[in-house]
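Engineer: This is the structure I have questions about; it appears just below.
The values are calculated or read from the model by the stated rules, or taken from the named source; none is laboratory data. Keep in mind that what you see is a predicted model, and the values were worked out from it rather than measured. Counting neighbours? That spans all protein chains shown, and the Cβs are built from the backbone with ideal geometry, glycine included.
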Amino acid sequence: MIKRGKTGRRLNWWIILPVWLLCGIIGFGLTNLWINPSLRTFFKPDYWHSVSKFEEALRLVNAEYVDQNESGMIKLTNQAIQGMISKLDRHSRYFGQTEYDMFHDDTHRTYVGVGIMIRLDDRGVVITRVFPASPATESGLAVGDIIQRVDDLSVEGKDLEQISNRIKGEPGTKVKISAESLLGEIKDVEVARKKIIISSVDISNLDDNGTAYIHVVQFTEKTGNEVKKALGSFKEKGMKRMILDLRDNAGGLLSGAIEVASLFVHEGESIVTVKGRGQGQKRVFKSKGNGPYLDIPIAILLNEGSASASEIVAGALSKSGRAMLVGEKSFGKGSVQTIFSLTGGTGMKLTTAMYFFSDGTTIHETGIQPEHHVPCSDENQTKLRLQRHAAGAPMGKKFFDLFGFTKIQDKQLLKARTLLLNPKGNESK
């Protein structure tokens, strides 16, 4: 009887364990189906009908199209995906493998090269910026140098993308660059390529009146810490007020925008609400803690190139009464894109939600109109962009020789400084 009892219990466990395992697998699968809408698609009849129709067209085009070089399976599939996504809205996009790698580098503000910015004018390919502590700096290349040859190949007749791609390459490899300085000196240098990490804080300084200036060109995972570090340094030197320049900042990561806005508002204050297409897809982003700069007066500069994450920061701080806005109406991008990785090293950027401010308003397709409107022509905007990027450029006639114009006054920046120094003596216009 004892042996039979043990055998019976052993037999019961051999039955119970597989049942438990099977139930767990079914439960896990059902949970994934519930939380992942893309998996639920497998149970929709119209999905299989669409797949069958696409597969039929793909086979026919691959087999029958007159130009066999244009009808490869992979090429046709990529073109089909690209067409499908591009028709949704202007912000959704499909990336091929090379494009996806470039997009990833741009989002993280990194690339492999020598650390220069170039532009094309009547004199040739001109170096307009050399990043500090870069291989280009160490090799002696400077702002104003005119590149003549790259790896013994002339740059004449080449566009900027071709020249840039020739200078870039694999980390650890070297590139030969021949250039002529503003003084006519010929430089033949061999520069080692390496991973260049570009700060999202393009320019930061503190003037004699205690006014800090920070120009953020993109919001990345590093932006919050970079802005915080710059402000901490300025605070130690007696910062009394600040200008946050978001002109030509096309956006970036939402998390970076939340971190920057959180520096200036009270804990728990709503910054932005993101709403997806489902009823449960709503998330309110609030300040993560009492910002260390709750009382510092702020002016934010905007123009038509300010979009997405930069509009979130400007709108949130304006609606909370923490900042005055100066410049021109922003771009008006109130949609949120999610990045999805696909097979073969490809990916897509897909609009998945819209964002709203605490009062329920959105700036999508309307933009933010600064209370202090200061217009700037397209020509002057181009000149100001070049001036901002011309750190270390020579002054006076040499500046004119380098860029083709004399330095102009930044009226939007001047207005912001004036408002901060004398807020009661200025009226909105």
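Engineer: Would you mind finding the one in 124, 83, 72, 140 that is farther than 28 Å from residue 172 by Cβ and assigned by TED's automatic domain parsing to the domain that holds residue 177?
Structural biologist: When all the criteria are applied, what remains is 124.
Engineer: Inspect segment 180-196 for any residue being closer than 25 Å to residue 215 by Cβ and of a type outside the set (Lys, Arg) and give the result as yes or no.
Structural biologist: Yes, segment 180-196 has at least one match.
Engineer: Which pairs have Cβ atoms under 6 Å, sit 6 or more apart or on different chains, and link a residue in segment 319-336 that is farther than 19 Å from residue 251 by Cα to one that is aromatic (Phe, Trp, Tyr) and modelled with pLDDT of 95 or more?
Structural biologist: 322/264
Engineer: OK, next. Output the number of residues of segment 184-215 satisfying the condition of being closer than 20 Å to residue 133 by Cα, surrounded by 15 or more Cβ atoms within 10 Å (Cβ to Cβ) and among the β-branched types (Val, Ile, Thr).
Structural biologist: 6
Engineer: Considering only segment 36-128, give the helices (runs of 4 or more DSSP H) lying wholly within it that have at least 2 residues that are basic (Lys, Arg).
Structural biologist: The helices (runs of 4 or more DSSP H) meeting that bar are 45-64.
Engineer: Hey, another quick one. Restricting the search to segment 147-161, which residues are under 19 Å from residue 189 (Cα atoms) and of a type in the set (Lys, Arg)?
Structural biologist: Within segment 147-161, just 149 meets the criteria.
Engineer: Can you confirm whether residue 181 is among the hydroxyl-bearing types (Ser, Thr, Tyr), more than 30 Å from residue 252 (Cα to Cα) and modelled with pLDDT under 95?
Structural biologist: Taking the combined requirement at face value, the residue satisfies it.
Engineer: Residue 144 passes all but one of (1) in contact with a Pro (Cβ under 9 Å, 6 or more places away or on another chain); (2) on the phi < 0 side of the Ramachandran plot; which number fails?
Structural biologist: Failing condition for residue 144: (2).
Engineer: Still on this structure: Identify the single condition in (1) over 18 Å from the mean Cα position of the chain (by Cα); (2) in a loop (DSSP other than H, G, I, E, B) that residue 299 does not satisfy, given that it satisfies every other one.
Structural biologist: (2)
Engineer: A follow-up question, please. Got at least one residue in segment 84-91 being out of contact with any Leu (no Cβ under 7 Å at 6 or more places or on another chain), without any contact (Cβ under 8 Å) to a residue 60 or more places away in the chain, small (Gly, Ala, Ser) and over 30 Å from residue 400 (Cβ atoms)?
Structural biologist: Scanning segment 84-91 turns up at least one residue that is out of contact with any Leu (no Cβ under 7 Å at 6 or more places or on another chain), without any contact (Cβ under 8 Å) to a residue 60 or more places away in the chain, small (Gly, Ala, Ser) and over 30 Å from residue 400 (Cβ atoms).
Engineer: Is it the case that segment 90-98 has a residue that's closer than 30 Å to residue 178 by Cα and either among the β-branched types (Val, Ile, Thr) or under 20 Å from the mean Cα position of the chain (by Cα) (or both)?
Structural biologist: Scanning segment 90-98, I find at least one residue that is closer than 30 Å to residue 178 by Cα and either among the β-branched types (Val, Ile, Thr) or under 20 Å from the mean Cα position of the chain (by Cα) (or both), so the answer is yes.
Engineer: Still on this structure: Go through (1) hydrophobic (A, V, I, L, M, F, W, C); (2) farther than 21 Å from residue 228 by Cα; (3) touching a Leu at 6+ places or on another chain (Cβ under 6 Å) one by one and return the number of the condition residue 300 breaks.
Structural biologist: (2)
Engineer: Report, ordered by the first and then the second residue, all pairs with beta carbons closer than 7 Å, sequence separation of six or more or different chains, a first member in segment 398-419 that is touching a residue at least 24 places away in the same chain (Cβ under 8 Å), and a second member that is of a type in the set (D, E, K, R) and surrounded by 13 or more Cβ atoms within 10 Å (Cβ to Cβ).
Structural biologist: Hits for this filter: 408/383.
Engineer: Give the number of residues within segment 231-289 that are closer than 15 Å to residue 213 by Cβ and part of a strand (DSSP E or B).
Structural biologist: Matching residues across segment 231-289 total 5.
Engineer: Name the residue that is surrounded by the fewest Cβ atoms within 10 Å (Cβ to Cβ), counting only residues in segment 131-150 that are at pLDDT below 85 and closer than 13 Å to residue 402 by Cβ.
Structural biologist: Once the filter is applied, the top-ranked residue is 143.
Engineer: Can you name every residue in segment 299-351 that is hydroxyl-bearing (Ser, Thr, Tyr), crowded, with 21+ Cβ neighbours inside 10 Å and within 20 Å of residue 372 (Cα to Cα)?
Structural biologist: The answer is 306, 310, 330.
Engineer: May I pose another question? Residues of segment 392-420 being under 19 Å from residue 204 (Cβ atoms) and out of contact with any Phe, Trp or Tyr (no Cβ under 8 Å at 6 or more places or on another chain), which ones?
Structural biologist: If the condition is that a residue be under 19 Å from residue 204 (Cβ atoms) and out of contact with any Phe, Trp or Tyr (no Cβ under 8 Å at 6 or more places or on another chain), then 392, 410, 412, 414, 416, 417, 420 are the ones that fit.
Engineer: Looking only at segment 396-429, which residues are under 20 Å from residue 120 (Cα atoms) and either at pLDDT 75 or above or not in a helix (DSSP H, G or I) (or both)?
Structural biologist: If the condition is that a residue be under 20 Å from residue 120 (Cα atoms) and either at pLDDT 75 or above or not in a helix (DSSP H, G or I) (or both), then 399, 400, 404, 405, 406, 407 are the ones that fit.
Engineer: Search segment 127-180 for residues being in contact (Cβ under 8 Å) with a residue 24 or more places away in the chain and among the hydroxyl-bearing types (Ser, Thr, Tyr), and hand back the single one that is farthest from residue 115 (Cα to Cα).
Structural biologist: Among residues in segment 127-180 that are in contact (Cβ under 8 Å) with a residue 24 or more places away in the chain and among the hydroxyl-bearing types (Ser, Thr, Tyr), the one farthest from residue 115 (Cα to Cα) is 178.
Engineer: Regarding segment 312-327, can at least one residue be identified that is in a strand (DSSP E or B), β-branched (Val, Ile, Thr) and more than 20 Å from the chain's Cα centre (by Cα)?
Structural biologist: Yes, there is a match, as at least one residue in segment 312-327 is in a strand (DSSP E or B), β-branched (Val, Ile, Thr) and more than 20 Å from the chain's Cα centre (by Cα).
Engineer: Would you point out the residue of segment 328-360, among those that are assigned to a loop (DSSP other than H, G, I, E, B) and basic (Lys, Arg), that is farthest from the chain's Cα centre (by Cα)?
Structural biologist: This residue is 329.
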